[in-house]
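Data block below; observations after.
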Amino acid sequence: MNGVEIKRFVRYFYDPPPKYDDMSGTSIWLLGKEYKATPPKPVTTTDHDDVVEVESSSDSHEPSDAASAPSTAPETQQQQQQSQQNASESQNTSSFDDAQLVTGGEDTPSLSNDPSDRGWPIPFLDDFESRVWMTYRSNFTPIPRSHDVDSSTGLSWSVRLRNLTEREGFSSDTGWGCMIRSGQSLLANALIMLRLGRDWRRPGTHTSRTASPPPPSSEPPTYTSSSTQTEASILSLFADSPSAPFSIHRFVHHGATSCGKHPGQWFGPSATASCIQALSAECASAAGLRVYVTPSASEVYEDKFRSIARASATDATITPTLILLGIRLGLDRITPVYHEALKSSLTYPQSIGIAGGRPSSSHYFIGCQGDLFFYLDPHETRAFLPYHASSAEYTDEEISTCHTRRLRGLRISEMDPSMLIGFLIKDEDDWEDWKRRLKETKGKAIVHVLDKEPPVPGESRERKEAVDEVVSFDDEEEDDETVTVTGKEDEEGVQVEASVAASGIARSEAETEAGDDAVKVSVPQRDTAVEAV
């Protein structure tokens, strides 16, 4: 077991929130928004400009020079009181949960004094808390089981045991719905940005933590302002009811009818992207958003994108369109040559985040500071979010279940290489700006924009070094023949060598499907099965 695997094992049982103790001054990024940080200022104990005097610790048994030197004049009572007050203030402001960071300047965000915030900048936490957080839910209207004879073979043991008493179907998605919830989070935040703007913050994110609590009331408070009504109307689209356009019921139904995913089975990134695209088309009036899913993972074809994003057949104006890229950036971990490009993707103003990216489970990554990626964790079971015909019926308590201030982080070296990345293109300027940023990004690119789609559907244009760039994937599996795949990493990327044990034409698509309880690696081939080495 290597170092990364040990960290994964420990983190499974103990996953504390990250602490704001970075001394490098690396900026924090959250979906295209930058929060600057500065390293601690040097503290001097002398009036000389070029001398810093460090005193010995208070528990030292050796007398210091200052202590052994004769006093020149006795301190007055007022001076003693002032010295004690200064020492007390210095102690209170210089220590915080073992993370000492002094910031300065007008552009530097203030740091939180709440111990649960771990010292992170308040504006960053307010932004984080304002992002929509979809989690496991329970006690919703049961999702009927599939009658397909093969449907139970894809269920994990924990899901089977958990649902032994559920005769009517699945009334909770605990253990299998994390990728669906991550996809819902991605889509919900795209709608939030589209309707409320990137600078929108949930009312009372920070002030409510310091202000006096409201007087008790027999009725729970409801959302009444314009922005909160808009937020409630967006969240109602994701309620845990068959009536909601983007409910887990709708995701599962489309997965069963179009993606070969039965209820209770874990969705992969491509199945999730297919559901988002199909449901957005079915509920176009509610979503107000077009969806473009990349057919070959790393390649975005401008002609195809424009055909989807255009306002009408006679109007070529780009309307809001969500680009979804299902990509795989390595074999069992993200290849280092992609690190910079992946981190940069979260700095784009068009960024909507990353769904997936962790072995055996899925998270929704929305920010980073250096190599540390911040995410919203769907693996927390909460009571179902009800569906209300009127958004005014939603209470603050119900809406609050879709937000959290608890920060979680994962190093890029520990992330799973299979993921779904989203970008929201609002108009022509956004499109051109996004393409420019892709070209200027350092490191090996994870996205390529080409002018025209190949004439044959699914036929990729060959490019130099394409084999060690991004490997696309498919949710399908075949079991007739065997192909042995070995991966070799070097500084240029991942080189894949495949030997076909029997006749058959290999496709260039691969996918890692990681359930909540087991990891399964499959590289689908035409009339072939795959064993990963």
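Data table
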read-out	value
Residue under evaluation Cys283, criteria (1) farther than 22 Å from Gly175 by Cα; (2) at pLDDT below 90; (3) not small (Gly, Ala, Ser), criterion not met	(2)
Top-ranked residue in the stretch 354-392 [being surrounded by 24 or more Cβ atoms within 10 Å (Cβ to Cβ) and of a type in the set (Ser, Thr, Tyr); ranked as farthest from the chain's Cα centre (by Cα)]	Ser362
Candidates Ala297, Ala316, Ala341 - the one that is more than 28 Å from Trp29 (Cα to Cα) and either buried (at least 16 other Cβ atoms within 10 Å of the Cβ) or of a type outside the set (Ser, Thr, Tyr) (or both)	Ala316
Tally, over the stretch 398-412, of residues that are over 15 Å from Ser236 (Cβ atoms) and among the acidic types (Asp, Glu)	0
Where Arg405 falls short, out of the listed (1) touching a Ser or Thr at 6+ places or on another chain (Cβ under 9 Å); (2) within 30 Å of Arg306 (Cβ to Cβ); (3) surrounded by 15 or more Cβ atoms within 10 Å (Cβ to Cβ)	(2)
Condition met for Ile308 (of a type in the set (A, V, I, L, M), more than 14 Å from the chain's Cα centre (by Cα) and in the same structural domain as Ile425 (by TED's automatic domain parsing))	yes
Residues of the stretch 175-198 classified as surrounded by fewer than 21 Cβ atoms within 10 Å (Cβ to Cβ) and either within 16 Å of Ala244 (Cα to Cα) or modelled with pLDDT under 95 (or both), total	0
Any chance Ala239 is under 24 Å from Gly357 (Cα atoms), in contact (Cβ under 8 Å) with a residue 60 or more places away in the chain and buried (at least 22 other Cβ atoms within 10 Å of the Cβ)	no
Conditions (1) surrounded by 17 or more Cβ atoms within 10 Å (Cβ to Cβ); (2) under 23 Å from Ala281 (Cβ atoms); (3) more than 14 Å from the chain's Cα centre (by Cα): number failed by Asp303	(1)
Positions within the stretch 360-383 being free of Cβ contacts under 8 Å to residues at least 60 places away in the same chain and in a strand (DSSP E or B), in sequence order	Phe365, Phe373, Tyr375
Search result, residues across the stretch 221-261 that are modelled with pLDDT under 95, assigned to a loop (DSSP other than H, G, I, E, B) and more than 25 Å from the chain's Cα centre (by Cα)	Pro221, Tyr223, Thr224, Ser225, Gly260
Pro215 vs. criteria modelled with pLDDT under 95, surrounded by fewer than 16 Cβ atoms within 10 Å (Cβ to Cβ), not assigned by TED's automatic domain parsing to the domain that holds Pro269 and not aromatic (Phe, Trp, Tyr)	yes
Filtered residues of the stretch 431-472 (kept if assigned to a loop (DSSP other than H, G, I, E, B), at pLDDT 55 or above and surrounded by 12 or more Cβ atoms within 10 Å (Cβ to Cβ))	Thr441, Gly443, Lys444, Ala445, Ile446, Val447, Glu453, Pro454
Residues of the stretch 291-316 that turn out to be in contact (Cβ under 8 Å) with a residue 24 or more places away in the chain, outside any helix (DSSP H, G or I) and of a type outside the set (S, T, N, Q), as a count	8
Number of the condition not met by Arg290 [criteria: (1) modelled with pLDDT under 90; (2) surrounded by 18 or more Cβ atoms within 10 Å (Cβ to Cβ); (3) farther than 30 Å from Tyr35 by Cβ]	(1)
Residue that is farthest from the chain's Cα centre (by Cα) [pool: residues in the stretch 311-328 that are at pLDDT 95 or above and hydrophobic (A, V, I, L, M, F, W, C)]	Ile318
Any hit, the stretch 347-359, residues being among the β-branched types (Val, Ile, Thr), under 30 Å from Pro121 (Cβ atoms) and part of a loop (DSSP other than H, G, I, E, B)	yes
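The values are calculated or read from the model by the stated rules, or taken from the named source; none is laboratory data. Note that the structure is a prediction, hence the values are computed from the model and not measured. All Cβ positions, even for glycine, are placed from backbone atoms using ideal geometry, and neighbour counts span all protein chains on display.
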